[in-house]
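The values are calculated or read from the model by the stated rules, or taken from the named source; none is laboratory data. Values in this document were obtained by computation on a predicted structure and should not be read as measured data. Here the Cβ is made from the backbone with ideal geometry for all residues, glycine too, and neighbour counts use every protein chain on show.
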Number of protein chains: 2
Amino acid sequence: MITVALAKGALLQDSVSRFSKAGLDFSSVLEPSNRQLMVPSSCGRAKALLVRNGDVPVYVAYGQAQLGVVGLDVLNEHQLPVANLVDLNFGACHMAVAVKESSSYKSARDLPPHCRVASKFTNCAKKFFEDIDLPVELVHLSGSVELGPITGMAEAIVDLVASGRTLKENGLIEIDHLFDSTARLIGNPLSLRLDTGEIESIVQSIQSDQSTHN
Amino acid sequence: MITVALAKGALLQDSVSRFSKAGLDFSSVLEPSNRQLMVPSSCGRAKALLVRNGDVPVYVAYGQAQLGVVGLDVLNEHQLPVANLVDLNFGACHMAVAVKESSSYKSARDLPPHCRVASKFTNCAKKFFEDIDLPVELVHLSGSVELGPITGMAEAIVDLVASGRTLKENGLIEIDHLFDSTARLIGNPLSLRLDTGEIESIVQSIQSDQSTHN
């Protein structure tokens, strides 16, 4: 039986729709009344684990799920040993550096050395500032990162930006771009190697359906 | 102006009520329509930062908030330099080790060495297993930790237990106890040292109100 780790939240609906085109119907996870975290597909051939974004690569890396759908942002942040199989081209957003609109910084290189940068994605932020050779003090926050500059705790933030509305509402402006992110189909490397065709056929259906989306 | 970091969620209502008895009325944060993260008190003398549980000690440690309310579980997990001022005696729960009901383990010492333990509180779990001298592989999850044993990823979990309902619903049973947790009033050490009486009077009001609760 194949197990698929799906992220609760913004990616769920599109994830379910891609698997449904590949013959696995997990639509019951979308019912508002669903409280189950482990949901069988309607055909009984597979099951879905409904987990937080950041936990999708964990369940796939440990092999409790053979496949999963998660954003590239989470993959880059957690760096777990999973195979990045298909770019699903939904859930588009990007990782950005933002500061107060009123500040004079026009790019991340303008930030003062050793300034504070708040982020939920401190690994991505660390790599970015190392690459541009700017030493900063990273402050890990678990939510509402935009409060960092507003309260004066941080000079800048590194955060995911989709529409840009949250930045605007909080008087922040983007000054640098780390990478673009979209949802990815990921797989457990060992399960893929031992696969007798079952996983591959699902991956190929999703991949060819994906080609028609491009 | 005094800034107070309050945790969104289960502790919020009681936190607001304790500050209100000390003369700071933040009741507007409880209005369902409130979307602001920084909310002035009705008297204008103070403001509240509405943040995630885990971020309360961060804002207090960095001095953006002089006071905050958060559970001992979060303080033990994050180990940030904040002063633990008053045990507010609400939000009672405890940190526990749990396994599948069907397992034969009666205490954490029965777990096989090098087994996997899933938790959101991996620092607390690490300390506990080091103290009992049992080497385990900790798997950090960000939510729904009860899925760990259900999927077979982990032999046990370390998680917060309040009523015990989540464990029961997921066929899990508690086999060991790490520590009891309640909400705490915390403070920024430097702000407390430089205080000219304003912070102290709030802390004392909350403390004496607390004595009447005991």
Of those in region A:134-181 that are within 14 Å of another protein chain (Cβ to nearest Cβ) and of a type in the set (S, T, N, Q), the residue surrounded by the fewest Cβ atoms within 10 Å (Cβ to Cβ) is A:Ser142
**Message:** Checking the structure you have, find out if any residue of region A:105-113 is part of a loop (DSSP other than H, G, I, E, B), in the same structural domain as A:Leu172 (by TED's automatic domain parsing) and out of contact with any strand residue (DSSP E or B) (no Cβ under 7 Å at 6 or more places or on another chain).
**Reply:** yes
Residue set B:Glu137, B:Glu174; condition of a type in the set (Asp, Glu) and under 24 Å from B:Gly91 (Cα atoms); output residue B:Glu174
Notebook entry, point to check: Looking at A:Ala118, is it farther than 24 Å from A:Leu67 by Cα, within 14 Å of chain B (Cβ to nearest Cβ) and part of a strand (DSSP E or B)?
Noted result: yes
If we keep only residues of region B:40-61 that are more than 8 Å from chain A (Cβ to nearest Cβ) and touching an Asp or Glu at 6+ places or on another chain (Cβ under 8 Å), then the residue nearest to B:Lys8 (Cα to Cα) is B:Ser41
Before we move on, is B:Gly187 modelled with pLDDT of 95 or more and either more than 14 Å from every other protein chain (Cβ to nearest Cβ) or within 29 Å of B:Leu6 (Cβ to Cβ) (or both)? yes
Test: B:Asp14 is assigned to a loop (DSSP other than H, G, I, E, B) and either without any contact (Cβ under 8 Å) to a residue 60 or more places away in the chain or surrounded by fewer than 20 Cβ atoms within 10 Å (Cβ to Cβ) (or both) | no
Open item on the list: When you check A:Gln64 against the structure, is it under 20 Å from A:Ser191 (Cα atoms), within 14 Å of chain B (Cβ to nearest Cβ) and among the polar types (S, T, N, Q), yes or no?
Closed with: yes
Filtering strands (runs of 3 or more DSSP E) wholly in region B:27-104 for at least 2 residues that are under 10 Å from the mean Cα position of the chain (by Cα) and buried (at least 21 other Cβ atoms within 10 Å of the Cβ) gives B:67-71
